[in-house]
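Asker: Sharing a structure, written as structure tokens. Questions coming.
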């Protein structure tokens, strides 16, 4: 089941056709599940859309497996705060999802009203990851919180974020649950894969174009980027010499990377999912523990 509902302003569910340099060619998709972090991601998505002229598509997925599990007579739910166990039936769950969908619709309309632009809400039923992948295109930016309402508290990535991390066809922005500083640096992780480096640099350029933040390039162990290539990257980023620096990581161990990012006062991290850092054990824990926005390119 897939329902597209329009907002109060003119809406389309197809990529907008904008003109001008740096204009987006796709939409900003934001995954909404009613959690506090998903609403923070919505605010970020609406801000990005306002700056780029892209359309916003909110995505609300009614989890089919959850509905199926509620059909068992022995199904129970435990309150996250009270710890009280209570019956968990399909009728109650259907009503709850309807209320949540209405709350999400109002939140999306409110965010769009604050920032302007066109928006729509897609309500689907099925697997969250599969439904998002069915909607997202290679030119779309997918924005989501690092964990949803069903995730346990603590430093971790939610199962949805993990599932989309490797499979999203376009850029993916993992949003965090703290106030994002505009004073820090945009840190771009590069390695010896030219195509992956190009995609990460392009994503960082889009961030810097609107944030005007300084940039640090982090080179992986053994990465060798010629000086003329670094000069081209700096030119593409549009930053001055004083706002551009290059560091080589001592290792791609997550703890070492975290230390360097703190030293650089990183406000955002950009990297390709093909980079060596994401292949290291514990990389997902690093992304969660940093608690800063992370853009991951295909």
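The values are calculated or read from the model by the stated rules, or taken from the named source; none is laboratory data. Remember, it's a predicted structure, so these values are computed and weren't measured experimentally. Note that we place each Cβ from the backbone using ideal geometry, even for glycine, and neighbour counts take in every protein chain shown.
Asker: Within the stretch 235-264, which residues are assigned to a helix (DSSP H, G or I), touching a strand residue (DSSP E or B) at 6+ places or on another chain (Cβ under 6 Å) and surrounded by fewer than 19 Cβ atoms within 10 Å (Cβ to Cβ)?
Answerer: none
Asker: Tell me, please, whether a residue that is in contact (Cβ under 8 Å) with a residue 24 or more places away in the chain, in contact with a helix residue (DSSP H, G or I) (Cβ under 7 Å, 6 or more places away or on another chain) and exposed (fewer than 14 other Cβ atoms within 10 Å of the Cβ) can be found in the stretch 209-227.
Answerer: The answer is yes; a qualifying residue exists.
Here's the yes/no breakdown for (1) at pLDDT 95 or above; (2) in the same structural domain as residue 189 (by TED's automatic domain parsing); (3) farther than 19 Å from residue 200 by Cα:
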| residue | (1), (2), (3) |
| --- | --- |
| 233 | no, yes, no |
| 236 | no, yes, no |
| 244 | yes, yes, no |
| 261 | no, yes, no |
| 274 | no, yes, no |
| 282 | no, yes, yes |
| 288 | no, yes, yes |
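Asker: Any residue in the stretch 29-44 that is assigned to a strand (DSSP E or B) and either more than 23 Å from residue 206 (Cβ to Cβ) or at pLDDT below 70 (or both)?
Answerer: Going residue by residue through the stretch 29-44, those that are assigned to a strand (DSSP E or B) are 29-31.
Next cut, either more than 23 Å from residue 206 (Cβ to Cβ) or at pLDDT below 70 (or both) only: none.
Among the residues of the stretch 29-44, not one is assigned to a strand (DSSP E or B) and either more than 23 Å from residue 206 (Cβ to Cβ) or at pLDDT below 70 (or both), which makes the answer no.
Asker: Among the residues of the stretch 111-130, write down those that are in contact with a helix residue (DSSP H, G or I) (Cβ under 9 Å, 6 or more places away or on another chain), assigned to a helix (DSSP H, G or I) and closer than 14 Å to residue 42 by Cα.
Answerer: 111, 112, 114, 115
Asker: Another one. May I ask you to say which residue of 133, 164, 174, 142 is buried (at least 21 other Cβ atoms within 10 Å of the Cβ), part of a helix (DSSP H, G or I) and modelled with pLDDT of 85 or more? Before the answer, list the steps.
Answerer: On the way: 133 fails: buried (at least 21 other Cβ atoms within 10 Å of the Cβ); 174 fails: part of a helix (DSSP H, G or I); 142 fails: part of a helix (DSSP H, G or I).
Checking each option against the conditions leaves just 164.
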